[in-house]
Ligand SMILES: [Fe+2]
């Protein structure tokens, strides 16, 4: 393995011992490297995949102005590229306006999610209006670029998918920003997105074409400010949401950002892909909050949507948390907010909603074969987490036709990433491919990339590939075939 180290960035963070999310698998990593001819620890690098796996992490760089929340960290992207049985690796911070300003100032300039409004020394970005746009939440590939986004609605930052060079801010980024969880329809090359804000109409929805041009942008009027995190789509429709968990409007008048579960149903807005506000059909459903959806598709008069229904969206403080962290840790502990794999049926003829759990286990961060996005699909892949912690420790594959499932559990001290599905070149059917994940090994203080053959899921990793440094834990990831990167769509 040949490794090139880039010049170091300025780091002013000193004290990490006090914070549970600055240690262990969440220990920040600062080095930016290029590495070639990665070494195989076990198995062999498949020669039947060609593309990139990109995963983000959130890295605290400066001594915080207040109390650090693990989602405040600056976005760092980690990319492994596969071609003809060889693999290379690169990682980079996303050079956001905020990252650059703090590098120049030599200190933190913005407070975080857990801090009182007004902590920041400079005007904030996004829906909250007081935070730094860290571009640390989600990553996709669209129109030939890596696109990095932030959950509080920031700008879409672009990086080159070969070199990871920074290519600035997407020209289509609207004034109210773009939320994390833009959606890619690989069959058309379109990107669907939404944003939200504290001012009317509170939400917009848009489509960016496969050349990176804004093709559609319309308001989705809501009764007040909301906190959506994800959306879903079918071949013809996009599905936005209005969940009862959102900022308390009275407290918001005093700049207090307290999320409450209000006594009202969940609502879903179904709009044709290029629809206008008057085309929106609203559906009511059981109250919950959903961080992430899986897939959605049309079936006769119905739209079917799968996602993770939270049974306890406002969890009680985590009893075993270190002092001062009980609330923060509960809200990022799946075993506290209890998401379950869930299916909604929206009947476009009658306006009725039908819904039920597909599994009673605590699961989230789902992935599926993106060639089936917006279309009927059969296989879903979810993650399991360590109770009390935002740490992935295994994967579950579901056959949604038969109800069967298979699982992989990592050994003690080994933690995974969100793991997208990688179709084999010339794949014959939907699950003909691999799950790909980075692993943090706390036992050896190393990281690796693993591949699980989805046709023999229970066998565990069929390849383990060494990464040149131990990485930090993070949130989201993407797989993009090289053909999709080059052509902008896969027909
Ligand atoms: Fe997310």
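Out of all the residues in the range 288-309, which are without any contact (Cβ under 8 Å) to a residue 40 or more places away in the chain and within 16 Å of the ligand (Cβ to nearest atom)?
Within the range 288-309, none qualify.
Okay, residues lined up against (1) farther than 21 Å from residue 247 by Cβ; (2) touching a strand residue (DSSP E or B) at 6+ places or on another chain (Cβ under 7 Å); (3) in contact (Cβ under 8 Å) with a residue 12 or more places away in the chain:
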position	(1), (2), (3)
160	yes, yes, yes
169	yes, yes, yes
184	yes, yes, yes
188	yes, no, yes
204	no, yes, yes
207	yes, yes, yes
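What's the number of the only condition in (1) touching a helix residue (DSSP H, G or I) at 6+ places or on another chain (Cβ under 7 Å); (2) surrounded by fewer than 22 Cβ atoms within 10 Å (Cβ to Cβ); (3) farther than 22 Å from residue 161 by Cβ that residue 385 fails to meet?
(2)
Each row is one residue, and each column tells you yes or no for (1) assigned to a loop (DSSP other than H, G, I, E, B); (2) surrounded by fewer than 23 Cβ atoms within 10 Å (Cβ to Cβ); (3) more than 19 Å from the chain's Cα centre (by Cα); (4) at pLDDT 95 or above.
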site	(1), (2), (3), (4)
34	no, yes, yes, yes
53	no, no, no, yes
56	no, no, no, yes
62	yes, yes, yes, yes
65	yes, yes, yes, yes
69	yes, yes, no, yes
77	no, no, no, yes
87	no, no, yes, yes
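So, residue 179, is that one in contact with a helix residue (DSSP H, G or I) (Cβ under 7 Å, 6 or more places away or on another chain) and within 16 Å of the ligand (Cβ to nearest atom) or not?
Considered against the rule, which asks whether it is in contact with a helix residue (DSSP H, G or I) (Cβ under 7 Å, 6 or more places away or on another chain) and within 16 Å of the ligand (Cβ to nearest atom), residue 179 comes out as no.
In this structure, is residue 277 within 16 Å of the ligand (Cβ to nearest atom) and in contact with a strand residue (DSSP E or B) (Cβ under 6 Å, 6 or more places away or on another chain)? It would help to see each step written out before you state the result.
Values: within 16 Å of the ligand (Cβ to nearest atom): no; in contact with a strand residue (DSSP E or B) (Cβ under 6 Å, 6 or more places away or on another chain): yes.
Against the criterion (within 16 Å of the ligand (Cβ to nearest atom) and in contact with a strand residue (DSSP E or B) (Cβ under 6 Å, 6 or more places away or on another chain)), residue 277 does not qualify.
So, in the range 388-422, how many residues would count as being in contact with a helix residue (DSSP H, G or I) (Cβ under 6 Å, 6 or more places away or on another chain) and under 23 Å from residue 372 (Cα atoms)?
Of the residues in the range 388-422, 2 are in contact with a helix residue (DSSP H, G or I) (Cβ under 6 Å, 6 or more places away or on another chain) and under 23 Å from residue 372 (Cα atoms).
Return a yes/no flag: does the range 95-103 have any residue that is over 21 Å from residue 253 (Cα atoms) and within 16 Å of the ligand (Cβ to nearest atom). Steps first, please.
Narrowing the range 95-103 to residues over 21 Å from residue 253 (Cα atoms): 95-103.
Adding the requirement that they be within 16 Å of the ligand (Cβ to nearest atom) leaves none.
So far as the range 95-103 goes, no, none of its residues is over 21 Å from residue 253 (Cα atoms) and within 16 Å of the ligand (Cβ to nearest atom).
Yes/no matrix, rows are residues, columns are (1) surrounded by fewer than 21 Cβ atoms within 10 Å (Cβ to Cβ); (2) over 24 Å from residue 484 (Cα atoms); (3) free of Cβ contacts under 8 Å to residues at least 40 places away in the same chain:
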| position | (1), (2), (3) |
| --- | --- |
| 345 | yes, yes, no |
| 351 | yes, yes, no |
| 356 | yes, yes, yes |
| 370 | no, no, no |
| 420 | no, no, no |
| 429 | yes, no, yes |
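Name the one entry in 232, 285, 269 that is more than 16 Å from the ligand (Cβ to nearest atom), buried (at least 22 other Cβ atoms within 10 Å of the Cβ) and within 21 Å of residue 355 (Cβ to Cβ).
Of the residues listed, the single one that is more than 16 Å from the ligand (Cβ to nearest atom), buried (at least 22 other Cβ atoms within 10 Å of the Cβ) and within 21 Å of residue 355 (Cβ to Cβ) is 269.
Being away from the ligand (no atom under 16 Å from the Cβ) and within 18 Å of residue 267 (Cβ to Cβ) narrows it down to one of 352, 330, 321, so name that one.
Exactly one residue qualifies, and that residue is 352.
What about residue 229, is it within 19 Å of the chain's Cα centre (by Cα), touching a residue at least 60 places away in the same chain (Cβ under 8 Å), farther than 26 Å from residue 81 by Cβ and in a loop (DSSP other than H, G, I, E, B)?
yes
How many of the residues making up the range 373-404 are more than 22 Å from residue 455 (Cβ to Cβ) and part of a loop (DSSP other than H, G, I, E, B)?
The total comes to 7.
When you go through 465, 450 one by one, which is the residue that is within 24 Å of residue 32 (Cβ to Cβ), part of a strand (DSSP E or B), without any contact (Cβ under 8 Å) to a residue 60 or more places away in the chain and touching a strand residue (DSSP E or B) at 6+ places or on another chain (Cβ under 8 Å)?
Checking each option against the conditions leaves just 450.
Just to be sure I understand, how many residues within the range 105-115 are at pLDDT 95 or above and in contact with a helix residue (DSSP H, G or I) (Cβ under 7 Å, 6 or more places away or on another chain)?
Here the count works out to 3.
Since residue 92 meets every condition but one in (1) surrounded by 14 or more Cβ atoms within 10 Å (Cβ to Cβ); (2) out of contact with any strand residue (DSSP E or B) (no Cβ under 9 Å at 6 or more places or on another chain); (3) within 25 Å of residue 148 (Cα to Cα), which condition does it not meet?
Looking at each condition in turn, residue 92 falls short on (2).
Within the range 217-229, restricting attention to residues that are more than 16 Å from the ligand (Cβ to nearest atom) and buried (at least 17 other Cβ atoms within 10 Å of the Cβ), which residue is modelled with the lowest pLDDT? I'd like the intermediate steps shown before the answer.
Taking the range 217-229 as the starting set, the residues that turn out to be more than 16 Å from the ligand (Cβ to nearest atom) are 217-225.
So of that shortlist, the ones also buried (at least 17 other Cβ atoms within 10 Å of the Cβ) come out as 218, 220, 222, 225.
Details: 218: 98, 220: 98, 222: 98, 225: 95.
Among those residues, the one meeting the criterion is 225.
The values are calculated or read from the model by the stated rules, or taken from the named source; none is laboratory data. Keep in mind that what you see is a predicted model, and the values were worked out from it rather than measured. Because the Cβ atoms are built from the backbone with ideal geometry, glycine has one as well, and the counts that use them run over all protein chains shown.
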